[in-house]
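Following: one structure in structure tokens, then a few remarks.
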Amino acid sequence: MKRLRDFCAILMLGVFAAFPAAAEIKIEGLWIRATAGAGKVTGGFGTIRNTGVNADDLVAVHTPVAATGQIHEASHEGGVMRMDQIAHLEIPAGAAVSLAPGAGHHFMLMGVTAPLKPGDLVEVTLVFRDAGPIKAMATVKPLSAPK
Ligand SMILES: [Cu+2]
């Protein structure tokens, strides 16, 4: 009996270790704007939902199709759009943060290795401080997608 209980405890530990809070962060509607010509920089958007009871931070973005991913904060300054790289983006508990064109947040891919065409599917890994890396597929939308 004791052996069975120990076995169950180990099994449970294994399950929790394999999926550390992964269910608490959900990535929805991820998309990337197509690259223009030989352009090597583009933006990525979508919604990050935190169904957990603790805030988490988006700390990095990786994709096989670009050398670097950055988290950006965009704002209007005297009629000009300005973008700044930020080290992390907080996803409050029980909230959804949308990464959208225009003022607000988005991620940026630099050093895109091959042109991204509308309809392409791109794997993107969003890395969270607590939830760890979460992979999602992003759809490439036309250059003309809403700015
Ligand atoms: Cu940007």
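Quick note: the coordinates plus some simple rules give every number you see, no bench work behind them. As the structure is a prediction and not an experimental result, all values here were calculated from the model. Here Cβ is always computed from backbone atoms with ideal geometry, including for glycine, and neighbour counts include all displayed protein chains.
Summary table below
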{"read-out": "Virtual paramagnetic centre 7 Å along Cα→Cβ of THR125, amide N under 15 Å, in the stretch 63-83", "value": "63-70"}
{"read-out": "Separation of alpha-carbon centers, the stretch 22-47 and the stretch 121-145, rounded to whole Å", "value": "5"}
{"read-out": "Amide H contacts of VAL112 (H built 1.01 Å from N, under 5 Å, at least 5 apart or other chain)", "value": "VAL41, ALA67"}
{"read-out": "Residues ALA114 and ARG49, FRET efficiency given R0 of 22 Å [Cβ-Cβ distance, rounded to 0.05]", "value": "0.10"}
{"read-out": "Long-range amide H partners of THR35 with built H, under 5 Å", "value": "LEU116"}
{"read-out": "Note, ³J(HN,Hα) from phi for the stretch 24-30, Karplus 6.51, -1.76, 1.60, rounded to Hz, x at Gly and Pro", "value": "8, 10, 10, 9, 10, x, 6"}
{"read-out": "Rounded, prolate or oblate (a/c below 1.5 giving rounded, otherwise prolate when a/b exceeds b/c) for the stretch 23-141 by Cα gyration tensor", "value": "oblate"}
{"read-out": "Nearest-0.05 FRET efficiency for SER98 and ALA38, computed from C-beta distance (R0 22 Å)", "value": "0.15"}
